[in-house]
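The values are calculated or read from the model by the stated rules, or taken from the named source; none is laboratory data. Just so we're clear, the structure is a prediction, and the values are computed from it rather than from any experiment. Positions of Cβ are backbone-derived with ideal geometry, glycine not excepted, and every protein chain shown enters the neighbour counts.
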Amino acid sequence: MGSLDSFILKGDRVLLDRIIETMAGGIHLPDTPKGNDRTDQFKVLKVGDKVESPLIKVGSVVYAAGYSQFVKKGNKPIYIVREEGILAVVE
């Protein structure tokens, strides 16, 4: 994916890479529902300096909702959410 050093996150923002679920045989599972009701699983790529939870760190797997802000890194969207948009951390 390349270097993430060029991303300087302000405040409590977190940079996320969406984990795409696939079935055996490589079939992609469609997203449902759409919009802000959707909750997906992500890997944390970078954490802003004002993130308070020690559970949210680079490499953590989290569930997030209400993510609409993203940037393209190559052909892949990288999502930017506030700490409050992270609903759960997977241990």
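Some points to look at:
- Residue satisfying all of: in the range 16-28; part of a loop (DSSP other than H, G, I, E, B) and at pLDDT 70 or above; farthest from the chain's Cα centre (by Cα) among these: 21
- Among residues of the range 62-74 that are polar (S, T, N, Q), those with a Cβ under 9 angstrom from a residue that is modelled with pLDDT under 85, sequence gap 6+ or separate chain, pair up as 68/35; 68/36.
- Within the range 68-90, considering residues that are of a type in the set (A, V, I, L, M, F, W, C) and buried (at least 18 other Cβ atoms within 10 Å of the Cβ), the one farthest from residue 6 (Cα to Cα): 86
- Filtering the range 44-62 to residues that are hydrophobic (A, V, I, L, M, F, W, C) and assigned to a loop (DSSP other than H, G, I, E, B) leaves 51, 55, 56, 58.
Conditions tested, residue by residue: (1) surrounded by 12 or more Cβ atoms within 10 Å (Cβ to Cβ); (2) at pLDDT below 75; (3) within 20 Å of residue 90 (Cα to Cα).
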| residue | (1), (2), (3) |
| --- | --- |
| 14 | yes, no, yes |
| 30 | no, yes, no |
| 35 | no, yes, no |
| 39 | yes, yes, yes |
| 47 | yes, no, yes |
| 50 | yes, no, no |
| 54 | no, no, yes |
| 63 | yes, no, yes |
| 66 | yes, yes, yes |
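- Count of the range 63-86 residues which are touching a strand residue (DSSP E or B) at 6+ places or on another chain (Cβ under 7 Å) and either more than 14 Å from residue 13 (Cα to Cα) or assigned to a loop (DSSP other than H, G, I, E, B) (or both): 4
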